[in-house]
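Undergrad: Before I ask anything, here is the structure I am working with.
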Amino acid sequence: MATSGHIDTFARDNLPPRELWPEFAFMLPDLQYPERLNCVTEWVDRWVATGQGARPCLISPSETLTYARLHERVNRIANVLTRDLGLVPGNRVLLRAPNNPTMVAAYFAVIKAGGVVVATMPLLRAKELSYPLAKAKIALALCDARLSDEMERAKAQSPDLQRIVYWGPGEKGGELEALMAKPGYESFTACETASDDVCLIAFTSGTTGEPKGTMHFHRDMLAICDSYAKHVLRAEPSDVFTGSPPLAFTFGLGGLVLFPLRIGASTVLLEQAGPDQLLDAIQRYRITVPFTAPTAYRAMLGKLKDFDVSSLRKCVSAGEALPRATFEAWHKATGIKILDGIGATEMLHIFIGSPEHEVRAGSTGRAVPGYEACILDDAGNIAKPGTVGRLAVRGPTGCRYLADERQRKYVQGGWNVTGDTYLMDEDGYFWYQARSDDMIVSAGYNIAGPEVESALLAHPAVAECGVVGAPDEDRGMIVKAYVVLRPGFAPEAALTRLLQDHVKASIAPYKYPRAIEYVAELPKTQTGKLQRFELRRRASEGSARKLAS
Ligand code: 3UK
């Protein structure tokens, strides 16, 4: 192991003890990295050094940066960090901005200077910002001036935070740009970090309990490009990427920045990326590779006729299971098989997913080359194909929580145990059942909420839905569906019966939702995932009220 390039040893000191690490494997020749490695040079400097600096790189509605201009912007910020703001290798820097070119430049500048990025979602409030500030002991923040309100409020309650530097328009903005303009700041030599120095602490969105800080090395950032992106996604330098996930969510970081820049492609960064904006961008920029969540594909389906999406080549879905109905409708409408893939913040990116020619409708796919995945039974042994059990994975990336006891839960016997219930078939394809804690046990039957959701989504009246267990005196639990209707359908008892019959006709009848409640919208996380725990809470409150009355 190379000696660390960090002077501030906080990240290294707070890695989990070695015996709690998952096993790491670097089976592919693509995954051999030098001991000294600053990953940013691979995405940015490399293209300039090989005479390709004029290629388009980051595209946004307000500016387009070539690789050469991104290189310069990264260098200028890196100089500001080290010369004006006193950054020392190993220091953590909080970043707060919507997806835009300066956010990307700041991400790379922190890492190039040997720092550790802690990126945050634009919608977070002061309270949610103060948690990572304290947990990762962050003294410096770079922030888009439009997001200064909550940032200032967070500072007031965060003793570690010494300094915030703002950029962009807005009352507080412009300080970063003024510093960046100094003469001599256009070049910067990358800090000589070790390939196993931490460069990113990504916090999980915390659907249950406190967020967890997952620590990633320089080599991890390349490994996701050289495993998933190279062998499953298989994009080309001429591809134009875009997508909706925030760059603070590693799904977005990989799909919108690391994957395209690894191959010299370009990427369109959108500050607002709802289904309409995404469709508009696909048409306007002739997007070939979009990254978004299953609900967004579903929402876009109804609007495809108003847009020209003929440029699309590869569509990636992750974050939640892709319902078969969505996969099939998208294939019918566009001729494209959506690439489903399961990833996790702990693993940095997607570790199960198959290329188009191997995709099977309704399955997440097979283990990504470089990764191994299996199903563990209750005793922790590898189960036979066809068994439903806990998903476990290992490969070049894996879980290392920042000072967190929950490491023992995620890593068991060297495997990363993601908390998902899956089945692996004889051919090595993985079939999602549910989050392990989302399984509904009703009158002795195990029922996976997402399977009932998939069945409901195939009915034309259903726009979105969430299925959970509601406490029930007779059955322990009953299957309850929260349904958002499409325009033109009324929430009537007749429709409830129709939907129930529809489910009974498409999956085992005992799985049908005995209760259906119509709602205007579903609770979602910052990363756009359905909050089943919130629905469960509502469902149990609802039945508590019923019992009391
Ligand atoms: C669920 C899926 C079924 C699953 C992520 C791609 O989602 C990402 O990371 P998170 O830490 O959540 C991880 C959990 O989300 N999940 C994700 N993808 C799928 N379930 N099918 C899928 N295709 O429960 C997993 O354990 O927020 C996704 C890349 C990077 C990521 N961080």
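The values are calculated or read from the model by the stated rules, or taken from the named source; none is laboratory data. In this text, all values refer to a predicted model and were calculated from it rather than measured experimentally. All Cβ positions, glycine included, derive from the backbone under ideal geometry; neighbour counts span all protein chains shown. The protein model used for the area step is the full one, side chains on, heavy atoms only, and it has no ligands, DNA or RNA in it. Shrake-Rupley method; radii C 1.70, N 1.55, O 1.52, S 1.80 Å.
Undergrad: Name every residue in segment 137-149 that is more than 23 Å from the chain's Cα centre (by Cα) and part of a helix (DSSP H, G or I), in order of residue number.
TA: Within segment 137-149, the first condition is being more than 23 Å from the chain's Cα centre (by Cα), and the residues that meet it are 137, 139-140, 145-146, 148-149.
Selection gives Ala145, Arg146, Ser148, Asp149.
One line per residue, one yes/no per condition, for (1) touching a residue at least 40 places away in the same chain (Cβ under 8 Å); (2) more than 11 Å from Ala392 (Cβ to Cβ); (3) open to solvent by less than 20 Å² (accessible area, probe 1.4 Å); (4) part of a strand (DSSP E or B):
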position: Arg408; (1), (2), (3), (4): yes, yes, no, no
position: Tyr422; (1), (2), (3), (4): yes, no, yes, yes
position: Gln433; (1), (2), (3), (4): yes, yes, no, yes
position: Val441; (1), (2), (3), (4): no, yes, no, yes
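Undergrad: A follow-up question, please. Return yes or no: is Asp276 open to solvent by 10 Å² or more (accessible area, probe 1.4 Å), touching a residue at least 24 places away in the same chain (Cβ under 8 Å) and part of a helix (DSSP H, G or I)? Let's see the steps before the verdict.
TA: Values: open to solvent by 10 Å² or more (accessible area, probe 1.4 Å): yes; touching a residue at least 24 places away in the same chain (Cβ under 8 Å): yes; part of a helix (DSSP H, G or I): yes.
Judged against the criteria, Asp276 is a match.
Undergrad: For segment 288-384, which fully contained strands (runs of 3 or more DSSP E) count at least 3 residues that are touching a Phe, Trp or Tyr at 6+ places or on another chain (Cβ under 6 Å)?
TA: Numbers: elements: 289-292, 350-352, 372-376.
Fully inside segment 288-384 and qualifying: 350-352.
Undergrad: Output yes when any residue across segment 314-337 is more than 9 Å from the ligand (Cβ to nearest atom), within 20 Å of the chain's Cα centre (by Cα) and charged (D, E, K, R), and no when none is.
TA: yes
Undergrad: Let me ask something else. Going through segment 499-524 one residue at a time, which ones are within 28 Å of Thr120 (Cα to Cα) and buried (at least 18 other Cβ atoms within 10 Å of the Cβ)? First the steps, then the outcome.
TA: Kept after step one, since they are within 28 Å of Thr120 (Cα to Cα), are these residues of segment 499-524: 521-524.
Leu522 - this is the single residue of segment 499-524 that is within 28 Å of Thr120 (Cα to Cα) and buried (at least 18 other Cβ atoms within 10 Å of the Cβ).
Undergrad: In addition: Assuming Gln283 fulfils every condition listed in (1) assigned to a helix (DSSP H, G or I); (2) open to solvent by less than 40 Å² (accessible area, probe 1.4 Å); (3) touching an Asp or Glu at 6+ places or on another chain (Cβ under 8 Å); (4) more than 12 Å from the ligand (Cβ to nearest atom) apart from one, which condition is it?
TA: (2)
Undergrad: Has segment 360-383 got any residue that is within 14 Å of the ligand (Cβ to nearest atom), within 25 Å of Ala458 (Cβ to Cβ) and free of Cβ contacts under 8 Å to residues at least 24 places away in the same chain?
TA: No.
Undergrad: Quick one: is Gly254 touching a residue at least 24 places away in the same chain (Cβ under 8 Å) and touching a His at 6+ places or on another chain (Cβ under 8 Å)? Spell out the reasoning first.
TA: Numbers: touching a residue at least 24 places away in the same chain (Cβ under 8 Å): yes; touching a His at 6+ places or on another chain (Cβ under 8 Å): yes.
In short, yes.
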